[in-house]
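S.K.: Quick one: the structure is below, and I'll ask about it shortly.
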Amino acid sequence: MIELEGVPELIDPVMVAAFEGWNDAGDAASTAVAHLEREWKGEVFAALDAEDYYDFQVNRPTVWIDAGVRKITWPTTRLSVVRVGGEKPRDLVLVRGIEPSMRWRSFCNELLGFAHELGVELVVILGALLGDTPHTRPVPISGTTSDADLAQRMDLEETKYEGPTGIVGVLQEACTHAGVPAVSLWAAVPHYVSQPPNPKATLALLNRLEDLIDVRIPLGELPEDARAWQVGVDQLAAEDSEVAEYVQTLEEARDTAELPEASGEAIAREFERYLRRRDGGGPPGPGERTRPPKPPKPTGESAGESADDDSPEE
């Protein structure tokens, strides 16, 4: 049963979801949603019943002590609501949890039930995969959808991926069949430095989300964390000549592949973001925006995905 008591009527709500596990290389996606919850002080209003969807031998509960009393936190998926202020306020329904162990169709139907009751207009699912991408270059972000019209309107790629999928792909297809517009944003994480956290990938996802849904996201310490992360990886790579040579090879391949794609439009997009943050203003209206170019597709392997796939795993 869906209980929504205490949730106010929402303004132009967008659901943003991320799940730990197979689709969350470097914890980049789940950390992005956690950042939104923290910066906007999201309040949890619902949680899925953990016993319906999780194998506790795979995702174990944790025990903690509160004022001398032992308590257990069960792995699950929780929903919170945050309001983004500005000239045109809107609400975000944040979904953060763990990829379920079982009953994926019921899991997706329950989330779609919340989306329907809350009047969600768009579902954005964040994911991260391992790829042959150098840590020294901007993080590739791919936006995909199963809806051809939505792909054209929002400058996304229509997914053509075939192969094993995770909860991100299943939820996106469930949204499509339910008539709910849905988009997946994927960050490519260097496979040679895949351990979490990866603040650079998290920052790239949030920047792309900001462009997609026309909200200004407070980034807090993320830019500084991303710079520190890159410096740290630079130092580690410098200590190993084979790694350093491999990174240089990836850089050359990336630069060669992207050279024909360089455009004034891409530069204008970054300059627009810089001006918005310098002036402290909100995002421009739809008629004022520079339409962002399609991001490059990440390559490499992520949890069994082949580098030859047409699009990121969903």
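The values are calculated or read from the model by the stated rules, or taken from the named source; none is laboratory data. Because the structure is predicted, anything quoted here is derived from the model rather than measured. When we count neighbours, we look across all protein chains shown, and the Cβ atoms used for this are built from the backbone with ideal geometry, even at glycine. The accessibility values were calculated without ligands, DNA or RNA, using every heavy atom of the protein model including side chains. Shrake-Rupley method; radii C 1.70, N 1.55, O 1.52, S 1.80 Å.
S.K.: Looking at (1) within 29 Å of Gly163 (Cα to Cα); (2) open to solvent by 80 Å² or more (accessible area, probe 1.4 Å), which one does Glu43 not meet, given that it meets all the others?
M.R.: (1)
S.K.: If Ala148 satisfies every condition in (1) under 29 Å from Pro196 (Cβ atoms); (2) free of Cβ contacts under 8 Å to residues at least 60 places away in the same chain; (3) open to solvent by 30 Å² or more (accessible area, probe 1.4 Å) but one, which is the exception?
M.R.: In the conditions (1) under 29 Å from Pro196 (Cβ atoms); (2) free of Cβ contacts under 8 Å to residues at least 60 places away in the same chain; (3) open to solvent by 30 Å² or more (accessible area, probe 1.4 Å), Ala148 misses (1) alone.
S.K.: Okay, moving on. Which of (1) modelled with pLDDT of 95 or more; (2) closer than 16 Å to Val93 by Cβ; (3) not β-branched (Val, Ile, Thr) is the odd one out, the single condition Asp24 does not satisfy?
M.R.: (2)
S.K.: A follow-up question, please. Quick one: in segment 165-192, which of the residues that are among the polar types (S, T, N, Q) and not in a strand (DSSP E or B) is farthest from Phe114 (Cα to Cα)? So that I can check it myself, show each step before the final result.
M.R.: As a first pass, look at segment 165-192 and keep what is among the polar types (S, T, N, Q): 165, 172, 176, 184.
Those left that are additionally not in a strand (DSSP E or B): 165, 172, 176.
Working: Thr165: 23, Gln172: 15, Thr176: 16 Å.
Looking at the filtered set, the residue picked out is Thr165.
S.K.: On to the next question. Given the residues Glu117, Glu162, which is the only one that is loosely packed, with under 15 Cβ neighbours inside 10 Å, outside any helix (DSSP H, G or I) and among the acidic types (Asp, Glu)? I'd like the intermediate steps shown before the answer.
M.R.: Working: Glu117 fails: outside any helix (DSSP H, G or I).
That would be Glu162, the only listed residue that is loosely packed, with under 15 Cβ neighbours inside 10 Å, outside any helix (DSSP H, G or I) and among the acidic types (Asp, Glu).
S.K.: Could you say whether any residue in segment 122-142 is without any contact (Cβ under 8 Å) to a residue 12 or more places away in the chain, more than 21 Å from Leu209 (Cα to Cα) and surrounded by fewer than 21 Cβ atoms within 10 Å (Cβ to Cβ)?
M.R.: no
S.K.: Examine segment 23-30 for a residue that is open to solvent by 50 Å² or more (accessible area, probe 1.4 Å), within 30 Å of Asp225 (Cβ to Cβ), without any contact (Cβ under 8 Å) to a residue 12 or more places away in the chain and not β-branched (Val, Ile, Thr), and state whether such a residue exists. Break it down stepwise before answering.
M.R.: Quick first cut of segment 23-30, residues open to solvent by 50 Å² or more (accessible area, probe 1.4 Å) only: 27.
From what is left, the residues that are within 30 Å of Asp225 (Cβ to Cβ) are 27.
Cutting the leftovers down to without any contact (Cβ under 8 Å) to a residue 12 or more places away in the chain gives us none.
The answer is no, given that none of the residues of segment 23-30 is open to solvent by 50 Å² or more (accessible area, probe 1.4 Å), within 30 Å of Asp225 (Cβ to Cβ), without any contact (Cβ under 8 Å) to a residue 12 or more places away in the chain and not β-branched (Val, Ile, Thr).
S.K.: May I ask you to list the residues in segment 159-189 that are touching a strand residue (DSSP E or B) at 6+ places or on another chain (Cβ under 7 Å), in contact (Cβ under 8 Å) with a residue 40 or more places away in the chain and not small (Gly, Ala, Ser)?
M.R.: Thr159, Ile167, Val168, Leu171, Gln172, Cys175, Val180, Pro181, Val183, Leu185, Trp186, Val189
S.K.: Among the numbered conditions (1) under 29 Å from Ala204 (Cβ atoms); (2) open to solvent by less than 30 Å² (accessible area, probe 1.4 Å); (3) hydrophobic (A, V, I, L, M, F, W, C), tell me where Ala50 comes up short.
M.R.: Here Ala50 meets the rest and fails (1).
S.K.: Looking at Leu219, Leu203, can you tell me which residue is assigned to a helix (DSSP H, G or I), open to solvent by less than 60 Å² (accessible area, probe 1.4 Å) and on the phi < 0 side of the Ramachandran plot?
M.R.: Exactly one of Leu219, Leu203 is assigned to a helix (DSSP H, G or I), open to solvent by less than 60 Å² (accessible area, probe 1.4 Å) and on the phi < 0 side of the Ramachandran plot, namely Leu203.
S.K.: Further, regarding this structure: Just give me the residues in segment 171-219 being at pLDDT below 95 and in contact with a Lys or Arg (Cβ under 7 Å, 6 or more places away or on another chain), in sequence order.
M.R.: If the condition is that a residue be at pLDDT below 95 and in contact with a Lys or Arg (Cβ under 7 Å, 6 or more places away or on another chain), then Glu210, Val215, Arg216 are the ones that fit.
S.K.: Is it the case that some residue within segment 59-77 is out of contact with any Asp or Glu (no Cβ under 7 Å at 6 or more places or on another chain) and within 14 Å of Leu10 (Cβ to Cβ)? Walk me through it before giving the result.
M.R.: Going through segment 59-77, the residues out of contact with any Asp or Glu (no Cβ under 7 Å at 6 or more places or on another chain) turn out to be 59-77.
Within this subset, residues satisfying the condition of being within 14 Å of Leu10 (Cβ to Cβ) are none.
No - not one qualifying residue is present in segment 59-77.
S.K.: Let me ask you something else. Looking for something open to solvent by less than 30 Å² (accessible area, probe 1.4 Å), modelled with pLDDT under 95 and part of a strand (DSSP E or B) - is there at least one such residue anywhere in segment 57-78?
M.R.: no
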